[in-house]
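The values are calculated or read from the model by the stated rules, or taken from the named source; none is laboratory data. Note that the structure is predicted; figures quoted are calculated from it, not measured. Neighbour counts run over all protein chains shown; Cβ positions are idealised from the backbone, glycine included. Calculation scope for accessible area: heavy atoms of the full protein, side chains included, ligands and nucleic acids excluded. Shrake-Rupley method; radii C 1.70, N 1.55, O 1.52, S 1.80 Å.
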Amino acid sequence: MYQVDFVDTNIIITEPYFNFSSIQESMNEILFEEYQFQAVLRVNAGALSAHRYFRDNPSELCCIIVDSGYSFTHIVPYCRSKKKKEAIIRINVGGKLLTNHLKEIISYRQLHVMDETHVINQVKEDVCYVSQDFYKDMDIAKLKGEENTVMVDYVLPDFSTIKKGFCKPREEMVLSGKYKTGEQILRLTNERFAVPEILFHPSDIGIQEMGIPEAIVYSIQNLPEEMQPHFFKNIVLTGGNTLFPGFRDRVYSEVRCLTPTDYDVSVVLPENPITYSWEGGKLISENDDFEDMVVTREDYEEHGHNICEEKFDI
């Protein structure tokens with residue numbers, strides 16, 4: 001595809017925190033024995049994000065990376081580019097769970113969409129947002145007609161004339177009665193903010209875990225007291241879920257409520273939170289000491305998995 005000769009190529013590949021050693025060994029075998037890469041760096045995505053953040057903010061020594069992705073959300077403090085293992089938290093809520101929950105709600109309320117994961121994922125990305133006041137938005141969602149500012153009509157794709165779904169403009173919405181056009185339409189109200197709310201209250205759907213703001217504070221409180229203020233003022237959001245409108249503001253307001261008043265709180269949402277760790281990897285690959293961080297194929301052939309365990313901090 002890319003006309004790359006793996007034998008002359010270095011690769012940086014990310015994996016989850018505390019990955020099983022059996023998976024790590026399989027990964028080594030695939031990269032070195034099957035593809036025969038020249039050199040490999042296996043690393044956590046958060047470490048790359050932290051590297052990018054410290055490069056942009058050289059005066060800072062600490063940051064806490066909130067990586068909310070497809071399968072789960074990790075909250076990881078980094079100090080001088082080293083992760084503080086005792087304070088890492090994983091929440092088993094990610095984009096996949098939100099999409100599946102939205103599928104269930106829509107299937108129960110109006111249209112069977114359990115097999116349409118891709119379409120409903122697009123619906124989620126197009127219409128969902130994080131509420132700043134859940135109960136107030138719930139009250140608005142109950143109103144009828146024009147007063148219900150939460151309600152949107154989403155036109156589903158038919159993949160012949162409509163390739164991608166979209167929201168109907170407010171002025172074109174038919175508030176009472178049916179649409180005359182042949183489009184398939186989903187009417188969404190409280191689903192728009194009730195689905196992303198799971199990131200903040202997983203217990204809403206029976207997952208007995210902390211929400212993201214509570215987990216950030218809990219993680220920082222597991223660290224030495226003199227370091228805590230530095231983490232509160234360097235909270236970095238990465239991953240696709242952070243793109244929900246209102247996400248950053250909600251995280252800030254809830255963390256601010258849970259934090260001592262004499263600490264500053266700052267929550268940073270990068271320009272592109274999805275590629276942020278990739279950008280960190282690009283910077284690392286251009287570093288002078290990149291050669292010292294990788295394991296070469298010769299190293300692997302001589303020492304096997306042990307050299308990878310020594311060098312890579314997973």
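Candidates are the residues of segment 98-116 that are free of Cβ contacts under 8 Å to residues at least 60 places away in the same chain and open to solvent by less than 60 Å² (accessible area, probe 1.4 Å); the one that is farthest from Ile205 (Cα to Cα) is Val113. Restricting the first member to segment 147-176 and to residues that are under 20 Å from Tyr129 (Cα atoms), and the second to residues that are among the aromatic types (Phe, Trp, Tyr) and crowded, with 18+ Cβ neighbours inside 10 Å, the beta-carbon pairs closer than 8 Å and six or more apart or on different chains are Val150/Phe193; Gly165/Tyr154; Phe166/Tyr154; Cys167/Tyr154; Lys168/Tyr154.
Going through (1) touching a residue at least 24 places away in the same chain (Cβ under 8 Å); (2) over 13 Å from Leu188 (Cα atoms) one by one, Asp139 falls short only on (1).
Within segment 223-236, track down each residue that is closer than 14 Å to Pro260 by Cα and open to solvent by less than 10 Å² (accessible area, probe 1.4 Å). Scanning segment 223-236 gives Phe231, Phe232. Against the numbered list (1) out of contact with any helix residue (DSSP H, G or I) (no Cβ under 7 Å at 6 or more places or on another chain); (2) under 25 Å from Ser253 (Cβ atoms), Ile162 comes up short only at (2). Within segment 287-312, the residues that satisfy the criterion of being open to solvent by less than 70 Å² (accessible area, probe 1.4 Å) and in a loop (DSSP other than H, G, I, E, B) are Asn287, Val294, Gly304, Phe312. Could you tell me whether any residue of segment 179-191 is modelled with pLDDT of 90 or more and more than 21 Å from Leu102 (Cα to Cα)? Taking every residue of segment 179-191 in turn, none turns out to be modelled with pLDDT of 90 or more and more than 21 Å from Leu102 (Cα to Cα).
Note on segment 191-222: among residues that are farther than 18 Å from Gly95 by Cα and touching an Asp or Glu at 6+ places or on another chain (Cβ under 8 Å), the one that is surrounded by the fewest Cβ atoms within 10 Å (Cβ to Cβ) is Asn222. Of all the numbered requirements in (1) open to solvent by less than 10 Å² (accessible area, probe 1.4 Å); (2) in contact with a helix residue (DSSP H, G or I) (Cβ under 6 Å, 6 or more places away or on another chain), Pro270 misses one, and that requirement is (1). For Arg187, state whether it is farther than 30 Å from Val265 by Cβ and either touching a helix residue (DSSP H, G or I) at 6+ places or on another chain (Cβ under 8 Å) or not aliphatic (A, V, I, L, M) (or both). Yes; evaluated as a whole, the condition is true for this residue. Counting residues in segment 155-165 that are in contact with a Leu (Cβ under 6 Å, 6 or more places away or on another chain) and within 24 Å of Thr242 (Cβ to Cβ) gives one or more. Residues of segment 192-216 that are farther than 21 Å from Asn100 by Cβ and not small (Gly, Ala, Ser): Pro213, Glu214, Ile216.
Scoring Arg55 on the criteria (1) open to solvent by less than 50 Å² (accessible area, probe 1.4 Å); (2) more than 13 Å from Asn234 (Cα to Cα); (3) touching a helix residue (DSSP H, G or I) at 6+ places or on another chain (Cβ under 6 Å) leaves a single failure, condition (1). Residue-level check: of (1) at negative phi; (2) out of contact with any Gly (no Cβ under 8 Å at 6 or more places or on another chain), Arg80 misses just (1). For segment 135-152, the criterion of being basic (Lys, Arg), touching a Ser or Thr at 6+ places or on another chain (Cβ under 9 Å), under 21 Å from Glu209 (Cα atoms) and open to solvent by 20 Å² or more (accessible area, probe 1.4 Å) is met by none of the residues. For segment 153-178, the candidate set comprises residues that are closer than 18 Å to Thr99 by Cα and of a type in the set (A, V, I, L, M, F, W, C); within that set, the residue that is most open to solvent (accessible area, probe 1.4 Å) is Phe166. All of Val93, Val76 fail the test of being touching a helix residue (DSSP H, G or I) at 6+ places or on another chain (Cβ under 9 Å), of a type in the set (Val, Ile, Thr) and under 19 Å from Phe231 (Cβ atoms), apart from Val76. Of everything in segment 126-146, what is of a type in the set (D, E, K, R), assigned to a helix (DSSP H, G or I) and farther than 24 Å from Thr242 by Cβ? Give them in sequence order. Those that are of a type in the set (D, E, K, R), assigned to a helix (DSSP H, G or I) and farther than 24 Å from Thr242 by Cβ: Asp139, Glu146.
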